[in-house]
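Engineer: Have a look at this one.
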Amino acid sequence: MSKKYELTDETVRINSIILHRIKALTDFGDVDAGDLGGWVESERNMSHDGNAWVYDNAWVYDNAQVYGNARVCGNALVYGNARVYGDARVYGDARVCGNAWVGSNGHLLQVGPIGSRNEYTTFYRAKDNAIAVACGCFYGSIDDFEARVREVHGDNSKYGKEYQLAIELAKCHIDLS
């Protein structure tokens with residue numbers, strides 16, 4: 001198998017983790033040889049097969065993997081044991097972490113800016129085939145998020161209503177089949 005990208009000497013640091021900018025070695029998908037991509041900790045984070053690519057200022061690290069024809073773009077963060085694969089797109093300021101398994105656009109929903117933090121809330125399919133949520137410093141199940149929203153904002157506040165509508169949209173949108 002030939003390599004489609006290499007790690008450059010350009011690095012950034014997240015605590016004790018060093019990420020390397022990637023550089024395409026061949027043409028594939030919408031990427032041309034010589035294009036600079038985003039940031040990965042090591043080659044285990046992105047496959048050399050398919051058209052998978054980390055773009056822009058996106059970061060992929062820890063045990064996270066990007067493969068197939070997946071794209072991670074913008075300022076997105078993919079880490080932990082997350083998997084982004086198939087034709088999935090993770091973009092903007094999305095946070096995909098933990099045991100996320102995002103294999104199609106139906107496995108991910110980002111809503112925002114909303115709520116008391118006026119930031120994006122990311123809903124995604126987890127490895128256990130349930131909906132998980134990343135919102136500010138909250139990472140957990142959609143049920144735990146809904147309970148936390150009710151506890152902090154109630155049902156009738158502006159923020160409570162925004163989060164509740166996003167929760168309902170995620171329950172409708174996220175494909176768990």
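The values are calculated or read from the model by the stated rules, or taken from the named source; none is laboratory data. What you are looking at is a predicted structure, and each value in this text was computed from that prediction instead of being measured. Cβ placement follows ideal geometry from the backbone for every residue including glycine, while neighbour counts extend to all protein chains displayed. Calculation scope for accessible area: heavy atoms of the full protein, side chains included, ligands and nucleic acids excluded. Shrake-Rupley method; radii C 1.70, N 1.55, O 1.52, S 1.80 Å.
Engineer: Report, by residue number, each residue of the stretch 9-39 that is in contact with a Ser or Thr (Cβ under 6 Å, 6 or more places away or on another chain) and either part of a strand (DSSP E or B) or under 18 Å from ARG83 (Cα atoms) (or both).
Structural biologist: ILE18, HIS20, ARG21, LYS23
Engineer: Here's something else I'd like to know. If you scan the stretch 124-150, which residues turn out to be at pLDDT below 95 and acidic (Asp, Glu)?
Structural biologist: Matches in the stretch 124-150: ASP128 only.
Engineer: Another question, then. From the set of residues in the stretch 86-103 that are in a loop (DSSP other than H, G, I, E, B) and modelled with pLDDT of 85 or more, which is surrounded by the fewest Cβ atoms within 10 Å (Cβ to Cβ)?
Structural biologist: Residue satisfying both the conditions and the ranking: ASP87.
Engineer: Tell me, which residue of the stretch 107-132 that is touching a helix residue (DSSP H, G or I) at 6+ places or on another chain (Cβ under 7 Å) and surrounded by fewer than 20 Cβ atoms within 10 Å (Cβ to Cβ) is farthest from ILE167 (Cα to Cα)?
Structural biologist: SER116
Engineer: Restricting attention to the stretch 40-61, which residues are surrounded by fewer than 19 Cβ atoms within 10 Å (Cβ to Cβ) and not in a loop (DSSP other than H, G, I, E, B)?
Structural biologist: GLU43, ARG44
Engineer: Right, next: Return a yes/no flag: does the stretch 113-132 have any residue that is on the phi > 0 side of the Ramachandran plot and part of a strand (DSSP E or B).
Structural biologist: no
For every residue, the table says whether it meets (1) under 16 Å from the mean Cα position of the chain (by Cα); (2) among the polar types (S, T, N, Q); (3) on the phi > 0 side of the Ramachandran plot.
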site: LEU109; (1), (2), (3): yes, no, no
site: VAL152; (1), (2), (3): no, no, no
site: ASN156; (1), (2), (3): no, yes, no
site: GLU162; (1), (2), (3): no, no, no
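Engineer: Which ones in the stretch 71-81 are assigned to a loop (DSSP other than H, G, I, E, B) and either open to solvent by 10 Å² or more (accessible area, probe 1.4 Å) or over 15 Å from LEU109 (Cα atoms) (or both)?
Structural biologist: Answer for the stretch 71-81, where residues must be assigned to a loop (DSSP other than H, G, I, E, B) and either open to solvent by 10 Å² or more (accessible area, probe 1.4 Å) or over 15 Å from LEU109 (Cα atoms) (or both): CYS73, GLY74, ASN75, TYR79, GLY80, ASN81.
Engineer: Turning to a different aspect of this structure: Go over the candidates ALA147, ALA170 one by one and state the one that is assigned to a helix (DSSP H, G or I) and in contact (Cβ under 8 Å) with a residue 12 or more places away in the chain.
Structural biologist: None of the others qualify; the one that does is ALA170.
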